[in-house]
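Readers should treat all values here as calculations from the given coordinates under stated rules, not as data from a laboratory. None of these values were measured; they are calculated from a predicted model. Reconstructed Cβ throughout: ideal geometry from the backbone, glycine too, with neighbour counts over all protein chains shown.
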Amino acid sequence: MRYRPHHILPFLCLLFVQTLFAQPELIIPRPASMTALGEDPVPLGKEIRYDTAFAAQAAYLRDLLKQQFGEELATTGMAGKAGIRLSMDPSIKNPEAYRLEASGKQGIVLAASGIKGIVNGIQTLIQLLPMNRTGMLQVPAVRIEDYPRFAYRGMHLDVVRHFFPVDYIKKYIDYLAFHKFNSFHWHLTDDQGWRIEMKSYPRLNEIGSWREETLIGHFKDEPARYDGTRYGGYYTREEIKDVLAYAAVRGINIIPEIDIPGHSRAIIASYPELSTRPDTTWKVATTWGMYNRQNNVLAPRPETFVFLRTVFHEIADLFPSEYIHVGGDECSKLWWKQDPFTQQFMKQKGLKNEAALQTYFIETVAGYLAEKNKKTIGWHEVMEGELDKNTVVMNWATEKTAVAAAKKGYRVIMTPGKPLYFDHYQSSQPGDSLAIHGYNSLEAVYRFDPVPASLKPSEASAILGAQANVWTEYMAYPSKVDYMIFPRMTALSEALWTPADKKDYDDFLERINRNMIPRYRLWNSSYYTEAGR
Ligand code: TNX
């Protein structure tokens with residue numbers, strides 16, 4: 001079934017309904033349980049009261065309401081009577097769960113045992129209010145008890161292939177919060193640039209953050225064309241801290257990724273002595289798809305391991321996340337095979353092949369991270385050799401790889417190319433704005449189940465959740481990112497949050513039309529529609 005956002009009827013209904021309040025039936029992702037209380041709608045009131053643990057979330061809610069309605073509610077601690085109450089309730093076991101009750105007797109009470117639960121409840125409350133102010137603000141009388149199906153609900157963003165300003169990163173974090181995601185995977189380094197300020201190795205920024213020019217069109221186009229314009233940049237430590245604080249209020253954990261030992265061209269451009277050819281002057285990559293095409297690997301030299309320990313310690317000190325992502329994907333073996341020093345190193349360490357060396361790098365870095373009490377996440381290729389079971393495997397291949405990893409005893413985050421690569425087309429029509437290749441439809445994303453059918457229930461707990469990846473080779477501006485993620489990100493939010501038996505694709509399309517398309521517009525965000533093409 002196609003959804004028809006420009007169909008007039010839903011909009012008329014929406015206008016009519018919203019003069020009173022929004023319908024709980026439209027909430028996305030759909031809550032686990034919801035009961036209409038059959039009472040009159042409950043006025044929003046003039047105050048937000050809160051337990052001290054939720055002071056920052058009270059201010060966040062106040063700002064959201066002010067943005068949307070231009071009216072500033074008072075935040076008053078627990079004193080006062082009417083209005084919204086953000087209440088700490090330790091009896092709610094899951095800190096991401098919440099209870100929202102709006103009734104004549106109690107007013108609007110939002111209860112949770114943790115920051116993330118309150119933030120999730122706030123997103124539901126926002127959707128119970130009209131999108132535009134049309135008279136008194138009130139919410140329907142309901143009781144909602146809600147919790148996530150999966151513990152890991154993530155979105156990734158590649159800020160290397162194209163670089164996005166802090167304002168957009170914050171907007172992206174707002175998208176995550178709205179959709180009740182909890183993890184932002186920030187892909188900060190790659191062949192085409194190093195995007196975070198480093199104190200320990202300044203050439204990573206002086207040289208590694210800039211490329212001479214950028215490829216135009218698809219990387220397989222012949223002949224290749226370039227734009228001749230220097231491109232780059234990086235986030236300063238102050239900017240990173242600002243983003244971390246912004247995310248923390250919204251209950252979003254930021255997992256930084258420093259991608260090694262492949263995807264390292266920006267590193268070896270800055271410090272050629274860490275490459276398999278120290279005598280070479282490397283340039284930061286200007287094209288895409290480097291795997292097995294251009295040398296972009298680290299050599300296992302003593303200075304490389306000093307570099308890795310120092311850099312990962314600096315990252316570990318900056319980011320509060322329990323997990324740090326070390327990359328480990330698409331590490332070409334060609335350049336290691338050709339390098340006598342690397343071959344010598346492998347012999348000396350008893351590493352039987354280049355896959356084992358790849359794992360050696362990851363294990364070594366996992367050890368450096370453990371010194372800082374951090375755990376490691378790597379792309380599934382890190383399992384090519386014998387890898388420690390504490391490392392979480394992020395699987396971008398098929399279900400088969402995920403099943404193999406789970407059976408070996410790894411914990412897995414699912415991010416399969418099909419359907420969770422949002423750099424693939426969501427339109428089946430030729431002539432859509434350039435994407436890498438492939439077709440990941442909205443429906444495929446909605447129907448995606450992170451748990452492979454062939455896993456036994458006892459093995460299914462190995463699947464922590466899932467994430468969509470947003471590689472930005474063909475997304476030069478925020479509006480293109482928006483266009484690629486919406487509405488697929490909205491579909492993923494329900495696949496990760498809502499109990500499987502409560503999912504319904506036709507109903508979801510209805511909610512996209514009536515709740516989300518108007519909201520994307522409210523946010524001034526681009527989105528894809530079949531009808532709008
Ligand atoms: C593979 S999947 C990559 C990225 C590219 C992407 C393009 C993975 C971990 N690495 O470097 O951007 O394909 O779809």
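Couple of notes before you dig in:
- In this structure the amide hydrogen of Thr75, modeled in the peptide plane, comes within under 5 Å of the amide hydrogens of Ile48, none closer than 5 places in sequence on its chain.
- Ala397-Lys66 FRET efficiency (beta carbon distance; Förster radius 41 Å; 0.05 resolution): 0.35
- P(r) tail fraction, the range 397-533 - alpha-carbon pairs more than 22 Å apart, %: 42
- Less than 5 angstrom separates the built amide H of Arg161 from those of Thr472, all sequence-distant by 5 or more or on a different chain.
- Distance between modelled label sites at Thr310 and Ala453, nm, 7 Å Cα→Cβ extension: 5.3
- Calculated FRET efficiency for the pair Gln343/Val166, C-beta based, R₀ 51 Å, to 0.05: 0.70
- Theoretical gain in end-to-end length, Glu238 to Ala53 [0.36 nm per residue, Cα-Cα removed]: 64.1 nm
- Principal-axis analysis of the Cα atoms of the chain puts helix 237-249 at an angle of about 40° to the longest axis.
- Shape descriptor for the range 51-163: Rg over Rh equals 1.02 (Cα atoms; Rh from the Kirkwood inverse mean 1/r).
- Charge dipole (Cα centre; +1 on Lys/Arg Cβ, -1 on Asp/Glu Cβ; no other charges) of the range 33-142 amounts to roughly 80 debye.
- Cα centroid separation, the range 95-139 to the range 174-212 (Å): 34
- Summed over qualifying helices (DSSP H, 4 residues or more, each -39500 (n - 2.57)) and divided by its residue number, the chain shows a 222 nm mean residue ellipticity of -9500 deg cm²/dmol.
- With Cα atoms, 0 to 90° folded angle of helix 8-18 axis to the chain main axis: 60
- Remark: for residue pairs Lys93/Lys502; Lys116/Lys374; Lys283/Lys349; Lys333/Lys408; Lys456/Lys503; Lys116/Lys199, the C-alpha separation exceeds 27 Å in Lys283/Lys349; Lys116/Lys199.
- Computed from the C-beta positions of Ser433 and Phe219 and an R0 of 22 Å, the FRET efficiency is 0.85 to the nearest 0.05.
- Relative contact order (%) - the chain, alpha-carbon pairs under 8 angstrom, separation at least six: 15
- Rg followed by Dmax, in Å, when the chain is reduced to its Cα trace: 24.2, 78
- Residue exposure sequence - Arg250, Arg153 - by fewest surrounding Cβ within 10 Å: Arg250, Arg153
- Footprinting exposure proxy for Val243, Val306 (fewest neighbouring C-beta atoms within 10 Å first): Val306, Val243
- Farthest toward positive dipole pole in the chain [+1 Lys/Arg, -1 Asp/Glu at C-beta], among Tyr360, Gln467, Tyr98: Tyr98
- Converting phi to 3J(HN,Hα) with the Karplus coefficients 6.51, -1.76 and 1.60 and the offset θ = phi - 60°, the range 148-153 yields x, 6, 10, 7, 10, 9 Hz in sequence order, with x at every glycine or proline.
- Computed from Cα atoms, the angle from the helix 340-349 axis to the main principal axis of the chain rounds to 70 degrees.
- Near-label residues of the range 440-469 by backbone N, under 20 Å of a point 7 Å along Cα→Cβ of Lys375: 450-452, 458-468
- Exposure proxy order (Cβ contacts within 10 Å, fewest to most) of Met290, Met88: Met88, Met290
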